[in-house]
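First up is the structure itself, then whatever we jot down about it.
The values are calculated or read from the model by the stated rules, or taken from the named source; none is laboratory data. All values derive from a computational prediction rather than experimental measurement. Reconstructed Cβ throughout: ideal geometry from the backbone, glycine too, with neighbour counts over all protein chains shown. Side chains included, ligands, DNA and RNA excluded: accessible areas come from the protein's heavy atoms. Shrake-Rupley method; radii C 1.70, N 1.55, O 1.52, S 1.80 Å.
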Amino acid sequence: ALRKQESGQSATTPGEIQKKLDELQKSLGEAAGKKDALDKLQKDLAAMKQKAAQMSNEAGGMSEQAKQEMAQKLAELSRQAQQLGANLPGLEAAMEAMQANQTDFFLKDLDMAMADLEKMQQMAQAMAQLQKDMSKLGKDLAEQLKLGQANAAVETLKKMQDQLQKSNLSQEQMARMI
């Protein structure tokens, strides 16, 4: 019953939350704190895909000028993705398909890039939620117990026990424990 009541933490400890945060940070790299820029990049990619799909359905397909404009816009989006630290192999493949005049592959590769970007956005959102969860955890044993965070309190007690067993505590550390 305590595990379910632990302030929405679903039986996670500060250590587990931090581990998940570290994993997401590593996966996202530089893009971790740039959710708004990722959102803008996704909107731009979606608009490009829609425009390319409309042009490819027109009689005669895309004009050379439209292809050049599309290639320039795609190069700009690729540069933005690189600046964000977003690894989008589908975007590079889309550029190659555009240059090879393969509209169908271009659209499929744009879809792949958008799917990769969506996964990055989901990871960024999960990371933000974990950071929010981490900030809600009690900072010390008393606060954790007061907030009903049993798992966090157990982890804190285990840390205290380990420190006491090592007996390398300063007077200040002992005072904080008591």
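Looking across the range 112-142, the residues that are more than 18 Å from GLY85 (Cα to Cα) and either open to solvent by less than 30 Å² (accessible area, probe 1.4 Å) or touching a Lys or Arg at 6+ places or on another chain (Cβ under 7 Å) (or both) come down to LEU130, ASP133, LEU137, GLY138.
Figure legend. Inter-residue proximity from the range 23-45: first residues outside any helix (DSSP H, G or I), second residues not small (Gly, Ala, Ser), beta-carbon distance below 6 Å, spacing 6+ or different chains. Indicated pairs: LYS34/LEU84. Filter the range 89-100 down to the residues that are more than 26 Å from LYS26 (Cα to Cα) and either open to solvent by 20 Å² or more (accessible area, probe 1.4 Å) or at pLDDT below 85 (or both) and list them by number. Answer for the range 89-100, where residues must be more than 26 Å from LYS26 (Cα to Cα) and either open to solvent by 20 Å² or more (accessible area, probe 1.4 Å) or at pLDDT below 85 (or both): MET95, GLU96, MET98, GLN99, ALA100.
Restricted to the range 143-165, and to residues there that are more than 28 Å from the chain's Cα centre (by Cα) and either on the phi > 0 side of the Ramachandran plot or not in a helix (DSSP H, G or I) (or both), the residue that is surrounded by the most Cβ atoms within 10 Å (Cβ to Cβ) is LEU147. Among the numbered conditions (1) part of a helix (DSSP H, G or I); (2) among the aliphatic types (A, V, I, L, M); (3) open to solvent by less than 30 Å² (accessible area, probe 1.4 Å), the only one that ALA86 does not meet is (1).
Residues are listed down the side, and each one gets a yes or a no for (1) without any contact (Cβ under 8 Å) to a residue 12 or more places away in the chain; (2) under 30 Å from LEU21 (Cα atoms); (3) surrounded by 15 or more Cβ atoms within 10 Å (Cβ to Cβ):
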{"residue": "ALA47", "(1), (2), (3)": "yes, no, no"}
{"residue": "ALA53", "(1), (2), (3)": "no, no, no"}
{"residue": "GLN65", "(1), (2), (3)": "yes, no, no"}
{"residue": "MET70", "(1), (2), (3)": "no, no, yes"}
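Within the range 92-103, the set of residues being without any contact (Cβ under 8 Å) to a residue 24 or more places away in the chain and of a type outside the set (S, T, N, Q) comprises GLU92, ALA93, ALA94, GLU96, ALA97, ALA100. For first residues located in the range 151-166 and closer than 12 Å to LEU141 by Cβ, partners that are charged (D, E, K, R) and surrounded by fewer than 14 Cβ atoms within 10 Å (Cβ to Cβ) and lie 6+ apart or on another chain with Cβ distances below 8 Å form the pairs THR156/ASP140. For SER170, the stated conditions hold: it is out of contact with any Cys (no Cβ under 7 Å at 6 or more places or on another chain), more than 25 Å from LEU38 (Cα to Cα), of a type in the set (Ser, Thr, Tyr) and open to solvent by 30 Å² or more (accessible area, probe 1.4 Å).
Could you please let me know if ALA115 is touching a residue at least 60 places away in the same chain (Cβ under 8 Å), over 14 Å from MET48 (Cβ atoms) and part of a helix (DSSP H, G or I)? Here the answer is no, as ALA115 does not meet what is asked. Of the residues that sit in the range 48-65 and are within 12 Å of ASN101 (Cβ to Cβ) and not in a loop (DSSP other than H, G, I, E, B), which one is nearest to the chain's Cα centre (by Cα)? If we take residues in the range 48-65 being within 12 Å of ASN101 (Cβ to Cβ) and not in a loop (DSSP other than H, G, I, E, B), then SER56 is nearest to the chain's Cα centre (by Cα).
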